[in-house]
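Here's the structure we're looking at; comments come further down.
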Amino acid sequence: MFKKDIRNDARNPFVEALEYSVTVVDDKEPQKIEDIAVCVDLSSKGIGILTNHPLQAGHIIDFKNAEKPAAFSAKRAEVKWALKIDDSIYRAGLKFS
């Protein structure tokens, strides 16, 4: 009924805006999307975010250096999972790369 949490590192609450970009293939053409996410939790290996853009597992997220929170040094992460929360909000789990 409930999924086992398979994380090795504890997630800590972390709320801050984060600018990012992702390249998606839309109608067979690559399109670079730039957006702002809200970080909701952070661990040494990844971060949880809320965003208005529908991310998918496998997407590669590039963090904008000028606006990246000082709490982590990663420049890039992979979307490991994503869920639609409501009509315009998506929750995603990212693993730093």
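Give, in nm to one decimal, the length gained when the segment between VAL38 and ARG11 is fully stretched (0.36 nm per residue of separation minus the Cα-Cα distance).
8.2 nm
To the nearest 10 Å², what's ARG11's accessible area with a 1.4 Å probe?
Estimated to the nearest 10 Å², ARG11 gives 110 Å².
What value in Å³ per residue do you get for the convex hull of the alpha-carbon atoms in the range 15-97?
Residue-normalised Cα hull volume stands at 86 Å³.
At what distance in nm do the modelled label points of TRP81 and LYS28 sit from each other, each positioned 7 Å from its Cα along Cα→Cβ?
Here the modelled spin labels are 3.5 nm apart.
With every protein chain kept in the model, how would you rank LYS32, LYS95 by accessible area, 1.4 Å probe, largest at the top?
LYS32, LYS95
Students often check this: by mean Cβ neighbours within 10 Å, which of 81-89, 36-44 ranks highest, and how do the rest follow?
Put in order of decreasing packing, that is 36-44, 81-89.
I need the phi-derived Karplus couplings for the range 46-52: 6.51 cos²θ - 1.76 cosθ + 1.60, θ = phi - 60°, integer Hz, Gly and Pro marked x.
x, 8, x, 9, 10, 8, 8
The values are calculated or read from the model by the stated rules, or taken from the named source; none is laboratory data. Being a predicted model, the structure only gives us computed values, none of them experimental. We place every Cβ from the backbone using ideal geometry, glycine too, and count neighbours over all the protein chains shown. We work out accessible area using only protein heavy atoms, side chains counted, and drop any ligands, DNA or RNA first. Shrake-Rupley method; radii C 1.70, N 1.55, O 1.52, S 1.80 Å.
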